[in-house]
Amino acid sequence: MPNLSLSYPDDLLITSGKSPQELEEKLLFLLAVKLFELRRLSLGKAARFCRMSKLKFMYEIGRLQVPVINLDDDQIADELRDD
């Protein structure tokens, strides 16, 4: 699997109040959310992308007021299949 490396300024780390690992997890989550919103990843794939269970990912995007049901017909069929 390809790997992505992302540089970020120290200011971001300081203002976030998070450890480097926590900040990187948050950034990965936010990228997964955006890719889900843009319909580039299904719900299940977005959850796996940011290393969360599907249920936790659904809960977390709900907290951000991102609609969990954002699927076209093909995506609904994919989500209904067992992982």
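Taking label points 7 Å from Cα along the Cα-to-Cβ direction, Glu24 and Leu6 give a separation of 1.2 nm.
Here the spin labels are modelled as points 7 Å beyond Cα on the Cα-Cβ line, and at Lys54 and Leu31 they lie 2.3 nm apart. Structural descriptor for the stretch 10-80: relative contact order 24 percent, calculated from alpha carbon pairs under 8 angstrom and at least 6 residues apart. Sites count as exposed loop sites when they are trypsin sites (Lys or Arg not before Pro), lie in a DSSP loop, and have at most 15 other Cβ atoms within 10 angstrom; the longest stretch of the chain without one is 52-80.
Remark: the chain carries a charge dipole of roughly 120 debye about the Cα centre, counting +1 on each Lys and Arg Cβ and -1 on each Asp and Glu Cβ.
Any chance you could tell me what percent of the C-alpha pair distances in the stretch 1-77 go past 16 Å? Mind dumping the intermediate values first?
Values: 1559 of 2926 pairs.
For the stretch 1-77, the share of Cα pairs beyond 16 Å comes to 53 percent.
The 3J(HN,Hα) values that the Karplus relation (6.51, -1.76, 1.60; θ = phi - 60°) gives for the stretch 62-67 are, in residue order, x, 4, 8, 6, 8, x Hz. Gly and Pro appear as x.
None of the figures in this text is laboratory data; all of them are computed from the coordinates on show. None of these values were measured; they are calculated from a predicted model. Virtual Cβ from ideal backbone geometry, glycine too; neighbours counted across all protein chains shown.
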